[in-house]
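Peer 1: The structure under discussion is supplied below as structure tokens; questions concerning it will follow.
Read the figures in this text as sums done on the coordinates, not as results from a lab. Predicted, not measured: the structure shown is a model, and the values here were computed from it. Because the Cβ atoms are built from the backbone with ideal geometry, glycine has one as well, and the counts that use them run over all protein chains shown.
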Amino acid sequence: MNHRPNPILFGAAYYFEYQPGAADGFDTEAARARLKTDLDLMAEAGFSVIRVGESVWSTWEPENGRFDLEWLRPVLDGAHERGIAVVLGTPTYAVPPWLARLYPEIAGEHRTGQRFGWGARQEVDFTHPAFKFHAERIIRTILARYAEHPAVIGFQVDNEPGLHAFHNEGVFQQFADRLRHRYGDVETLNREWGLVYWSHRLSTWADLWRPDGNAQPQYALAWRRFQAELTTEFIAWQAGIAREYAREDQFVTTCISYSRQGIDDPSLTERLDVTAGNPYYRMQDGLALPPADEGDAITWNTEGTWALYHSADRMYSSKQAPFLVTETNAQAIGEPWRNEPAYEGQWRQAAWALISRGASMIEYWQWHTLHFGAETYWGGVLPHSLRPGRVYRELARIGAELRRAGAALDGLVPGADAAILYSKRSEWALAAQPQIAKDDGGADPRSFESILGPFYRGAFDAGLQTRILHTGQMGDPVAAAAEYPVLVAAGLYAEDDDLLDRLAAYAAAGGHLVVGPRTGYGDEEARARLEVKPARLHEAAGVWYEEFANLTGEVAVRSADGSPLALDADAAAVKWADGLYVEGAQALAEYAHPHYGRFAAASTKEHGEGRVTYVGTIPNAAFGKALFEWIAPADAWRPAHPSLTVTSGVTGEGETARFVHNWSWEATEFALPAAARDLLDDTRYEPGEALRLGPWDVKVLIES
């Protein structure tokens with residue numbers, strides 16, 4: 001994707017078909033004038049890419065077999081004339097009314113026999129042959145017409161897949177077939193799933209029950225994995241069709257909403273040329289440092305500066321490679337009652353933060369704010385008046401900066417002081433049998449992220465850069481220890497012996513392994529292990545436990561006697577506590593509590609050439625930050641000021657880039673540890689010289 005002069009694409013989703021000027025037809029004077037105005041404004045703002053076409057199957061094909069394709073040609077022609085590239089989408093995620101009417105059997109079922117109501121999007125069972133016939137026909141029709149257009153640089157197949165789990169009869173029968181191929185016979189399934197329990201033993205595959213009332217965690221884990229496999233296969237099917245039309249210089253992707261239940265992003269992106277994702281985030285005070293609250297990285301609309309970086313690192317993790325941002329905040333996002341357009345400077349901050357962690361495209365959703373529909377108050381670059389205003393001016397500034405500095409950042413590999421392991425299998429297992437409680441006492445279906453997220457945040461607050469690694473990407477433990485001095489393994493509840501043994505080998509090879517709650521408790525089928533916990537790691541960690549508890553509210557923690565870990569009065573354990581006994585390790589922290597005080601909250605032990613630190617609880621922000629400040633070696637580029645962050649990466653030319661952010665209203669300074677050049681204005685700094693940052697400011701530097 002680096003054949004362009006500026007390797008970082010910048011733009012927005014553009015829906016000419018939604019513009020008021022096109023209401024009376026695409027080839028009217030009003031429509032042509034609106035299109036020209038839009039494209040001219042984009043060019044003036046430094047836009048280099050737009051995304052088109054993915055949401056309007058009923059416009060492409062108004063009736064069964066009658067196609068209307070020419071409405072898009074002026075958009076592509078006009079974009080090409082102005083040097084704006086185009087990502088062309090396939091419209092399969094939102095089916096036309098005539099298709100739902102003619103083939104009602106394609107409706108997805110949220111329970112067996114209970115269909116999703118029609119009227120939103122993604123309501124259809126995409127495995128159904130009738131849907132796939134019509135989906136393939138519209139894909140091929142669009143691509144045959146426009147794949148060769150010189151403006152088109154790539155294809156986005158479908159849109160934010162994996163929203164629903166489908167319970168249709170055909171889907172269930174595919175599930176049964178896969179279990180048969182995986183396990184071979186019902187006796188093996190009975191044994192592996194423990195179906196002697198509650199009289200669930202199968203005598204024949206026909207005895208397999210539907211998922212609707214299922215309470216067995218092994219079944220639920222298999223069902224979640226299967227639904228993700230269906231999504232991967234659907235996107236791979238579309239990608240295969242797109243590649244029949246694509247030129248060698250065109251890519252194929254889909255845009256991922258990482259909170260979707262039916263997504264296994266490493267598997268999904270194996271079939272794609274590049275990862276693309278949609279990081280939405282709360283703006284205004286949601287980006288303030290120090291933060292007002294704990295923040296949230298779990299939902300589609302994250303909260304907290306750390307959560308924005310987490311989104312970027314999740315996107316990088318899918319392929320361990322640069323990624324595209326296909327959608328992100330233009331202004332207010334979501335519901336009409338939640339309007340928080342960014343403060344001046346925050347768009348720049350977010351864009352450069354994403355770029356610092358591997359983004360090679362920043363694309364806003366969307367160009368103009370809609371005048372109708374469910375997303376009327378999801379703000380675009382242009383407001384309802386269609387007159388360029390504050391948002392447009394702020395984004396135009398980013399466009400100018402990318403024209404100036406983007407080429408110097410080509411091939412950027414983001415820095416990594418630590419790695420955190422992510423497991424889709426454990427995520428699904430802890431959704432099937434949640435072990436963390438929400439604040440209201442109910443089960444937290446995102447228990448895996450609720451365990452793992454605070455460890456990521458602790459590393460972020462301590463100034464570390466974190467690489468998220470999926471468990472299948474860890475590779476050789478000796479090589480991992482050489483590349484990542486710190487490796488976090490928290491929430492790895494449903495993992496096989498091999499992974500747990502490689503974690504111990506990582507520490508033995510010289511790495512610092514940080515083990516968190518639930519790791520090493522279950523096996524790959526989410527069955528509780530028989531060994532002393534943490535299984536296969538307790539000797540390396542020098543700790544063991546036999547009981548555990550859900551915590552209500554915070555339980556204060558303090559430094560243990562002789563501990564090198566310094567904790568202040570705000571440090572606390574939340575949501576979970578292992579009854580941790582130290583046996584060969586050094587206690588780092590203990591609970592300030594009449595009952596839990598008998599247990600260690602955290603411990604550490606040398607193992608081989610490295611170290612294993614066990615954290616038996618979920619740390620709050622103060623505890624997490626202190627933990628990683630102790631773990632991480634000193635680095636002069638980690639600022640002490642609470643509103644500053646510094647991230648880095650190595651460019652394709654081997655230069656070190658530094659991204660310095662001030663996430664607050666207060667101007668501040670940072671004494672540079674090394675000589676550097678400002679990529680945005682060519683200012684040169686000597687070591688020790690003060691770098692001045694205004695409110696909500698960002699500087700992009702190259703060390704020199």
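Peer 1: Ignoring solvent entirely, what values of log10 I(q)/I(0) come out of the Debye formula for region 191-235 at 0.32 Å⁻¹ when each Cα is a single scatterer?
Peer 2: For the requested q values the scattering log ratios are -1.23.
Peer 1: Using amide H atoms built 1.01 Å from N in the peptide plane, name the residues 5+ places from ILE618, or on other chains, whose amide H lies under 5 Å from its own.
Peer 2: Amide H neighbours of ILE618: VAL574, TRP576.
Peer 1: Now for a different question. For ARG282, what charge total do you get from the other residues with a beta carbon under 10 Å from its beta carbon, if Lys and Arg give +1 and Asp and Glu give -1?
Peer 2: Net charge around ARG282: -3.
Peer 1: Starting from the Cα-Cα distance between GLU294 and PHE133, subtract it from 0.36 nm times their residue separation and give me the gain in nm to one decimal.
Peer 2: Gain on stretching GLU294 to PHE133: 53.2 nm.
Peer 1: If amide hydrogens are placed 1.01 Å from N in the peptide plane, which non-local residues have theirs closer than 5 Å to the one on GLU109?
Peer 2: PHE116, HIS167, ASN168
Peer 1: Another question, then. Specify the inter-centroid distance of region 477-548 and region 302-328, based on alpha-carbon positions, in whole Å.
Peer 2: A separation of 26 Å, based on Cα centres.
Peer 1: Take every Cα-Cα pair in the chain and report what % of them are more than 50 Å apart.
Peer 2: Distances greater than 50 Å cover 15 percent of the Cα pairs.
Peer 1: Mind putting a number on the dipole of region 644-703 about its Cα centre? Charges go on the C-beta only, +1 for Lys and Arg and -1 for Asp and Glu, and I need it in Debye to the nearest 20.
Peer 2: 100
Peer 1: For region 418-631, what is the largest minus smallest coordinate of the Cα atoms on each principal axis, given in angstrom and ordered from greatest to least?
Peer 2: On the principal axes, region 418-631 reaches 42, 38, 32 Å in Cα extent.
Peer 1: Moving on. Taking 0.36 nm per intervening residue step and subtracting the Cα-Cα distance, what contour gain separates TRP205 from GLU105 on full extension?
Peer 2: Roughly 33.5 nm would be gained on extension.
Peer 1: Using the beta-carbon distance between ASP682 and ASP410 and R0 = 22 Å, what value does 1/(1 + (r/R0)^6) give for FRET efficiency, to the nearest 0.05?
Peer 2: So the FRET efficiency works out to roughly 0.75.
Peer 1: Please arrange LEU421, LEU35 by how many other C-beta atoms lie within 10 Å of their C-beta, fewest to most.
Peer 2: Fewest-to-most ranking of LEU421, LEU35: LEU35, LEU421.
Peer 1: Any idea how far the Cα center of region 676-694 sits from the one of region 403-441, in Å?
Peer 2: Rounded to whole Å, the Cα centres lie 31 Å apart.
Peer 1: Still on this structure: Can you put ARG282, ARG225, ARG518, ARG684 in order of Cβ neighbours within 10 angstrom, beginning with the fewest?
Peer 2: With the fewest neighbours first, ARG282, ARG225, ARG518, ARG684 line up as ARG684, ARG225, ARG282, ARG518.
Peer 1: Would you mind ranking MET361, MET474 by Cβ crowding within 10 Å, fewest neighbours first?
Peer 2: MET474, MET361
Peer 1: Still on this model: I want the local charge near TYR316. Using Cβ-Cβ distances under 14 Å, sum +1 for each Lys or Arg and -1 for each Asp or Glu among the other residues.
Peer 2: So the surrounding residues net to +2.
Peer 1: I would also like to ask the following. What is region 644-703's relative contact order, in percent, from Cα pairs under 8 angstrom and six or more apart in sequence?
Peer 2: Rounded, it is 39 percent for region 644-703.
Peer 1: Based on DSSP loop calls and a cut-off of at most 13 other Cβ atoms within 10 Å, the longest stretch of the chain free of exposed chymotrypsin sites (Phe, Trp or Tyr not before Pro) is what?
Peer 2: No qualifying site falls inside 373-664, the longest such stretch.
Peer 1: Just name one of THR656, LEU672, TRP696: the one whose Cα is farthest towards the positive end of the charge dipole of region 644-703 (beta-carbon charges, Lys/Arg +1, Asp/Glu -1).
Peer 2: Among THR656, LEU672, TRP696, the one farthest towards the positive end of the dipole of region 644-703 is TRP696.
Peer 1: Now for a different question. In deg cm²/dmol, rounded to 500, what helix-only [θ] at 222 nm does the chain give when every DSSP H run of at least 4 residues adds -39500 (n - 2.57) and the total is split over its residues?
Peer 2: Only helices count here, giving -9000 deg cm²/dmol.
Peer 1: Same structure again: Compute the Cα gyration tensor for region 627-702, then decide on rounded, prolate or oblate, letting a ≥ b ≥ c be the square roots of its eigenvalues: rounded whenever a/c is under 1.5, prolate when a/b is larger than b/c in the other cases, and oblate in all that remain.
Peer 2: In terms of gyration-tensor shape, oblate.
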